[in-house]
Ligand SMILES: [Fe+2]
Ligand SMILES: [Fe+2]
């Protein structure tokens with residue numbers, strides 16, 4: 001059981017920010033913008049999957065999950081709201097979110113199926129967010145040149161993703177979810193996540209007019225595949241998911257807890 005706290009982030013998301021808010025770097029800004037564009041639709045899907053999974057539990061098991069599910073829903077609802085505000089600025093900058101509508105269409109295909117399907121998908125995506133979050137917290141200095149309030153937004157989101165990474169997973173197995181189904185959806189989720197993030201990043205760069213600049217590609221190559229690159233450093237953690245005895249808490253690191261402790265001035269705890 002994880003004790004999940006809902007936090008209200010005390011940052012200004014009203015004031016517009018620079019197009020290249022991520023340290024003046026076109027690639028990094030476009031890449032993070034792409035991720036943010038997937039959140040409102042994606043996180044609503046996770047919320048619904050977890051809620052429906054919870055409802056499908058026998059009553060005696062619900063009590064065990066009730067508080068954790070409430071915390072999960074509260075955290076994801078806050079993320080999607082703040083990223084909605086962030087995305088509003090991207091729209092003003094002329095960027096177009098193609099990922100969200102595409103994901104919505106795909107979600108329709110599994111409507112009405114056993115809730116364990118949506119939960120297995122959520123579990124897979126939550127593994128992605130957890131390893132990306134962990135990478136970001138470990139390499140937080142790579143965000144040093146970024147607009148400070150946005151740096152806080154991304155690290156806060158990362159810290160909470162790391163905190164609630166076991167919720168969907170535990171619920172899936174409490175509902176009798178199988179190992180094979182978990183992996184089948186993870187393979188698909190990996191394909192869709194990588195192609196979606198690539199397509200949206202390219203789309204953002206195209207609209208920004210920086211797609212065909214040499215420095216954009218140079219930055220992309222080092223950010224993804226360089227020594228501290230996100231794909232290079234996350235590959236091993238991604239692969240762990242295929243183990244039969246995998247559990248998200250095995251990849252526990254206290255980076256999340258440490259960030260939350262030393263940045264408490266940036267948020268207030270809801271209901272405290
Ligand atoms: Fe989230
Ligand atoms: Fe999450």
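Some observations on this one:
- Principal axis analysis of the Cα atoms in segment 1-65 yields extents of 53, 23, 20 Å, listed in decreasing size.
- GNM top mover of 240, 163, 261 - the chain, alpha-carbon springs below 10 Å: 261
- Along each principal axis, taking the top coordinate minus the bottom one, the Cα set of segment 137-272 gives 50, 40, 27 Å in descending order.
- With Cα atoms as the point set, the chain shows a radius of gyration and Dmax of 18.1, 59 Å.
- To the nearest ten degrees, helix 26-56 and the longest principal axis of the Cα atoms of the chain are 10 degrees apart.
- Residue 212 versus residue 114: modelled label distance in nm, points set 7 Å from Cα along the beta carbon direction: 5.1 nm
- Least to most buried among 89, 247 (fewest other Cβ within 10 Å first): 247, 89
- Taking the three principal axes of the alpha carbon atoms in segment 81-192, the coordinate ranges are 45, 31, 23 Å, sorted in descending order.
- Exposure proxy order (Cβ contacts within 10 Å, fewest to most) of 222, 234, 162: 222, 234, 162
- Reported to the nearest whole Å, the Cα centre-to-centre distance from segment 119-157 to segment 33-82 is 18.
- Nearest 10 degrees, 0 to 90: helix 59-92 Cα axis against the chain principal axis: 20 degrees
- Here segment 82-130 has an Rg and Dmax of 14.1, 40 Å, counting Cα atoms alone.
- The modelled label-to-label distance between residue 244 and residue 48, using points 7 Å beyond Cα along the C-beta direction, is 3.5 nm.
- Selected from 124, 226, 74 as most flexible by GNM, with the chain as the system and alpha-carbon contacts under 10 Å: 226
- If R0 equals 35 Å, the separation of the Cβ atoms of residue 15 and residue 195 corresponds to a calculated FRET efficiency of about 0.55.
- Fewest-first sequence of 47, 131, 110 by Cβ atoms within 10 Å of each Cβ: 110, 47, 131
- Residue 257/residue 149 FRET efficiency (R0 25 Å; Cβ-Cβ; nearest 0.05): 0.65
- Largest GNM mean-square fluctuation across 103, 26, 49, computed for the chain with C-alpha springs under 10 Å, falls on 103.
- A Förster distance of 35 Å, applied to the separation of the beta-carbon atoms of residue 178 and residue 93, puts the FRET efficiency at 0.20.
Since every read-out is calculated from the coordinates, none of them should be taken as a lab result. Bear in mind the structure is a predicted one, so any value in this text is a computation, not a measurement. Reconstructed Cβ throughout: ideal geometry from the backbone, glycine too, with neighbour counts over all protein chains shown.
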